[in-house]
Amino acid sequence: MAITEGRHNVARTKDVAPSIPVQNVGQVDQRRHPVNYVWAVVRLALGWTFLWAFADKLFGFGFATPAAKAWVNGGSPTTGFLKGTKESALGGFFTGLAGQAWVD
């Protein structure tokens, strides 16, 4: 009881604002460091890499996927990758998944 003994006598009102130093109110750190721009470029480049790989598999631009094996022409985007895992530990499992519609 000794710990909470003096708390009941404190008058509390909802109108009391917390004390905030005046110099920090409303100010946001506006400094831009060069490393932030580097990370932005890296993020955009990584996004473009995955977008390009998807678009090439979808439409078959001829870079990694020929047009005849494109997804829009009835090709399977996962067949080439999954059939190349024959020598790995789970190669038989992954080879069985290759070309199935629910995997594509």
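The values are calculated or read from the model by the stated rules, or taken from the named source; none is laboratory data. Everything numeric in this text was worked out from a predicted model, so none of it was measured. With ideal geometry, Cβ positions are generated from the backbone for all residues, glycine too; neighbour counts draw on all protein chains shown.
Numbers below:
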read-out	value
When residues of region 45-54 are limited to those that are more than 12 Å from the chain's Cα centre (by Cα) and not aromatic (Phe, Trp, Tyr), the one surrounded by the most Cβ atoms within 10 Å (Cβ to Cβ)	ALA53
Members of region 85-104 found to be without any contact (Cβ under 8 Å) to a residue 12 or more places away in the chain, of a type in the set (A, V, I, L, M, F, W, C) and within 21 Å of GLY75 (Cα to Cα), listed by number	PHE93, ALA101, TRP102
Options PHE81, PHE54: the member that is out of contact with any Leu (no Cβ under 9 Å at 6 or more places or on another chain), at pLDDT below 90 and not hydroxyl-bearing (Ser, Thr, Tyr)	PHE81
Subset of region 70-104 (residues that are surrounded by fewer than 14 Cβ atoms within 10 Å (Cβ to Cβ) and closer than 14 Å to LYS57 by Cβ)	VAL72, ASN73, GLY74, PHE81
